[in-house]
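K.L.:
Structure in structure tokens, see below.
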Amino acid sequence: MDAVVYIGHGSRRDEGNEQFKTFIESVKEDVPLPNQEIAFLELTHPTIAETLGKLIERGAERFLIVPVLLFSAVHHKQDIPEALQAIRSKHEHISFRITDPFGVHPNMIKLVVKRIKAEMCEKNAAILLVGRGSSQPGPIMGLQQIGRVVEQSLNKPVYEAFLTAAVPSFDTAIAKLKNQYEKVYVMPYLLFTGLLLKRIDQTIKDNNNFILCKNLEFDELMKQTLIERMEEVCYGAAISNDNETAWQESCHSWRRSNSSA
């Protein structure tokens with residue numbers, strides 16, 4: 001490919017956007033490909049159109065699109081493809097490959113366990129895994145699947161709750177669990193610092209039964225997972241038909257680099 005575009009959600013808080021940028025800089029160090037840029041879906045700049053426009057002006061034609069998202073929902077299935085199609089309608093010679101989100105990857109489960117173990121010390125304890133929520137079933141089922149594996153790994157009861165658009169709600173789960181256990185370790189399944197994380201903190205900060213774990217926050221395990229998602233496309237596991245030969249040729253440098261590492 002000619003260029004890689006990492007797409008973040010975007011946050012109203014500069015701190016969250018800076019965390020994303022720092023994470024991507026660490027990824028770029030391990031990806032031997034030219035023209036690696038970032039874009040945001042909303043709330044901040046550069047937008048997808050702005051980043052793609054800049055790269056097209058440089059002569060890029062084949063793009064690896066890397067959505068830095070936890071699960072496949074509206075952003076991955078609809079918003080990003082629509083934005084790319086709008087650009088392609090003006091530049092018919094360009095092509096895209098889109099990677100999968102992090103999903104239910106073993107590294108993501110390891111990261112959740114890592115975050116909880118960093119705080120856990122009580123025997124009579126439970127874990128509350130808190131996701132953003134979605135109107136689509138995929139992210140809900142994905143978080144529940146992660147919860148079941150974490151439960152087996154830590155031998156502690158794990159509950160799931162959601163901040164928006166799904167049940168049980170975070171507030172409902174808090175009300176249910178506050179008198180059932182000596183401690184409840186609240187694990188925010190969120191990528192970066194933002195308003196949702198602040199909401200979780202504000203809700204539980206005055207209740208000693210609840211211990212807030214660190215959110216995912218772009219750990220090395222996430223870096224490994226993101227690069228693996230890119231390799232799946234670059235190595236052909238997720239390549240579609242059009243212009244396949246050109247895409248395979250453009251990935252040779254990455255194959256050679258990895259094989260010699």
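The values are calculated or read from the model by the stated rules, or taken from the named source; none is laboratory data. Keep in mind it's a predicted model, so treat the numbers as computed, not measured. Cβ coordinates were reconstructed from backbone atoms using ideal geometry, including for glycine residues, and neighbour counts include every protein chain displayed.
K.L.:
Take the residues of segment 84-108 that are surrounded by fewer than 19 Cβ atoms within 10 Å (Cβ to Cβ) and in a helix (DSSP H, G or I): which is nearest to the chain's Cα centre (by Cα)?
P.N.:
If we take residues in segment 84-108 being surrounded by fewer than 19 Cβ atoms within 10 Å (Cβ to Cβ) and in a helix (DSSP H, G or I), then Asn107 is nearest to the chain's Cα centre (by Cα).
K.L.:
Checking the condition free of Cβ contacts under 8 Å to residues at least 12 places away in the same chain and either assigned by TED's automatic domain parsing to the domain that holds Val130 or not hydrophobic (A, V, I, L, M, F, W, C) (or both), which residue from Glu61, Glu82, Glu37 passes?
P.N.:
Within the list Glu61, Glu82, Glu37, the selection yields Glu82.
Okay, residues lined up against (1) farther than 17 Å from Pro67 by Cβ; (2) surrounded by 15 or more Cβ atoms within 10 Å (Cβ to Cβ):
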site	(1), (2)
Pro188	yes, yes
Thr193	yes, yes
Leu197	yes, yes
Asn207	yes, no
Met230	no, yes
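K.L.:
On to the next question. Which one of these is aromatic (Phe, Trp, Tyr) and out of contact with any Gly (no Cβ under 6 Å at 6 or more places or on another chain): Phe40, Phe23, Phe71?
P.N.:
The unique qualifying residue is Phe23.
K.L.:
Out of Lys28, Lys54, report the one residue that is assigned to a helix (DSSP H, G or I) and under 26 Å from Glu220 (Cβ atoms).
P.N.:
Among Lys28, Lys54, only Lys28 is assigned to a helix (DSSP H, G or I) and under 26 Å from Glu220 (Cβ atoms).
K.L.:
Filter segment 42-58 for residues that are under 20 Å from the mean Cα position of the chain (by Cα) and touching a residue at least 40 places away in the same chain (Cβ under 8 Å); which is nearest to His76 (Cα to Cα)?
P.N.:
Ile48
K.L.:
For Thr172, indicate whether it is modelled with pLDDT of 95 or more and in contact with a His (Cβ under 6 Å, 6 or more places away or on another chain).
P.N.:
no
K.L.:
Another question, then. Does Val4 meet the test of being within 30 Å of Pro106 (Cα to Cα) and surrounded by 21 or more Cβ atoms within 10 Å (Cβ to Cβ)?
P.N.:
Yes; evaluated as a whole, the condition is true for this residue.
K.L.:
Additional query: Among the residues of segment 61-83, count how many are in a helix (DSSP H, G or I) and either buried (at least 17 other Cβ atoms within 10 Å of the Cβ) or not β-branched (Val, Ile, Thr) (or both).
P.N.:
Here the count works out to 9.
K.L.:
While we're here: Can you find even one residue in segment 165-172 that is under 21 Å from Gly133 (Cα atoms), in contact with a Gly (Cβ under 8 Å, 6 or more places away or on another chain) and in a loop (DSSP other than H, G, I, E, B)?
P.N.:
Yes, that holds for at least one residue.
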